[in-house]
Amino acid sequence: MSEDVSKRRLGRGLAALIGEMDQPVPVGETRPSVSPDRTLPIEFVSRSPKNPRRHFDEAELQDLAGSIRQHGIVQPVVVRTIAGGNRFEIIAGERRWRAAQLAGLVEIPVIIRDVDDRTALELAIVENVQRADLNPLEEALGYDQLIAEHGYTQNDLGEIIGKSRSHVANSLRLLKLPEPVRDMLAEGSLSAGHARALVSTPDPVALAKVIAAKGMSVRDAERLAQNHIKSQGASQPAEAREPKDSDTIALERSLSDRLGLQVSINHKGGGGQLKINYTSLEQLEDICRLLEAR
C-alpha cells in the first residue's frame with residue numbers, strides 16, 4: 001500500500017474516531033455514551049505539549065465544569081500511555097480534562113489508544129479543526145508542525161483534515177507575519193482574512209494596528225494593504241501605483257483563496273498582467289497541473 005493511500009485512510013479513520021465527541025446534545029435527546037476502556041486517577045493524566053490548542057476560554061471551562069458536576073463526563077478522554085505505561089498523555093479531550101479538574105473529579109473515564117507521535121498529533125489537530133476550537137494561528141502552527149516533523153504535503157493535510165489544499169496553504173501563509181500581528185490574530189483582534197491581506201505588505205504591524213483600531217472589514221483591509229504596497233513601490237511607473245478598483249481587488253482575493261497563493265492583477269485598457277506568486281516547487285507544480293488540465 002502506498003504511503004499516500006495510507007495517509008488518506010488514516011485521515012478518514014481519525015475523523016470517524018473523534019467526529020462526534022463534544023458536540024452539543026439537542027434538547028430532549030440523549031447521546032449514547034462511548035464506553036471507556038477504564039477510569040484513571042486524574043493526576044495520572046497530563047496534557048500533550050504538542051496539542052495545537054493553546055487558548056481555553058475560562059468562562060466556557062467553568063460552564064463545562066458545572067455540567068460535569070451534574071452529569072459527569074459524557075465522552076471519555078482519549079489518551080495514550082507514556083513513561084513506561086505509568087502515565088498517560090491526552091490525545092483528544094484536554095478541554096474535558098481541564099473542566100474535570102475544576103469540577104473536583106478525582107477520576108475520569110478514558111479510552112486508551114496505542115499510537116505514535118505522528119498519529120497523536122493528527123488526532124489532536126483533526127479534533128480541534130472539526131470543532132473550530134483552534135484560532136487561525138493555532139491551526140496554522142499545527143499544520144506546520146505536521147509538515148516539518150512528519151513530511152506531509154499540503155495535499156496530504158487537506159485529505160486528513162477534511163479541508164481544501166488552498167485552505168491549508170492560506171493558513172500557512174499566516175506564519176509569515178511578524179510576532180505582533182500573530183499575537184493580534186491569536187487574541188481575535190484580527191481575523192484570518194485581515195491577516196492574509198497583510199502578508200506581503202512592507203509594514204504589517206502598523207497596518208494591523210490601523211485595521212484593528214478602525215474595525216475595518218476584510219475588503220477594506222485588503223484595499224488598505226494594496227494601497228500601502230503601491231505607495232512603497234517608488235520605482236514603479238506612476239500609473240502602476242494608482243489604487244485598484246474594488247472589482248479588481250475582489251477578483252484578486254477570489255483567485256488567491258481558490259489557489260492558496262498570492263495573486264496580483266494589473267489591468268489597464270483592454271489588457272494587463274496576472275501575477276501568481278509561489279514559494280516552493282510544489283506550488284509551481286500545482287499551478288502547472290491546473291494549467292495543463294485546461
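The values are calculated or read from the model by the stated rules, or taken from the named source; none is laboratory data. Since the structure is predicted, the reported quantities are computational estimates derived from the model, not experimental observations. Here the Cβ positions follow ideal geometry from the backbone for every residue, glycine too, while neighbour counts run over all protein chains shown.
Just a few scattered comments:
- A single entry from Arg95, Arg69, Arg12 fulfils the requirement of being in the same structural domain as Val106 (by TED's automatic domain parsing), in a helix (DSSP H, G or I) and modelled with pLDDT under 50: Arg12.
- Listed conditions (1) within 24 Å of Arg165 (Cβ to Cβ); (2) at pLDDT below 85; (3) touching a strand residue (DSSP E or B) at 6+ places or on another chain (Cβ under 6 Å) are all met by Gly272, apart from (1).
- Just one of the listed residues (Arg53, Arg98, Arg87) is surrounded by 14 or more Cβ atoms within 10 Å (Cβ to Cβ), over 25 Å from Glu187 (Cα atoms) and of a type in the set (D, E, K, R), and it is Arg87.
- Residue pairs meeting the criteria (Cβ under 9 Å; at least 6 apart or on separate chains; first farther than 16 Å from Ile287 by Cβ, in segment 160-174; second of a type in the set (Lys, Arg) and outside any helix (DSSP H, G or I)): Ser171/Lys163
For (1) among the aliphatic types (A, V, I, L, M); (2) in contact with a Gly (Cβ under 6 Å, 6 or more places away or on another chain); (3) at pLDDT 85 or above, each residue gets a yes or a no:
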residue	(1), (2), (3)
Val129	yes, no, no
Glu149	no, no, no
Ile161	yes, no, no
Val168	yes, yes, yes
Leu175	yes, no, yes
Val181	yes, no, yes
Ala186	yes, no, yes
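Listed here are the residues, each with its yes/no results for (1) touching a residue at least 60 places away in the same chain (Cβ under 8 Å); (2) farther than 21 Å from Leu224 by Cα.
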| position | (1), (2) |
| --- | --- |
| Asp257 | yes, no |
| Leu261 | yes, no |
| Lys275 | no, no |
| Gln283 | yes, yes |
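Here's the yes/no breakdown for (1) β-branched (Val, Ile, Thr); (2) under 30 Å from Asp286 (Cβ atoms); (3) free of Cβ contacts under 8 Å to residues at least 12 places away in the same chain:
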site: Glu58; (1), (2), (3): no, no, yes
site: Ala65; (1), (2), (3): no, no, no
site: Arg87; (1), (2), (3): no, no, no
site: Ala103; (1), (2), (3): no, no, no
site: Glu138; (1), (2), (3): no, yes, no
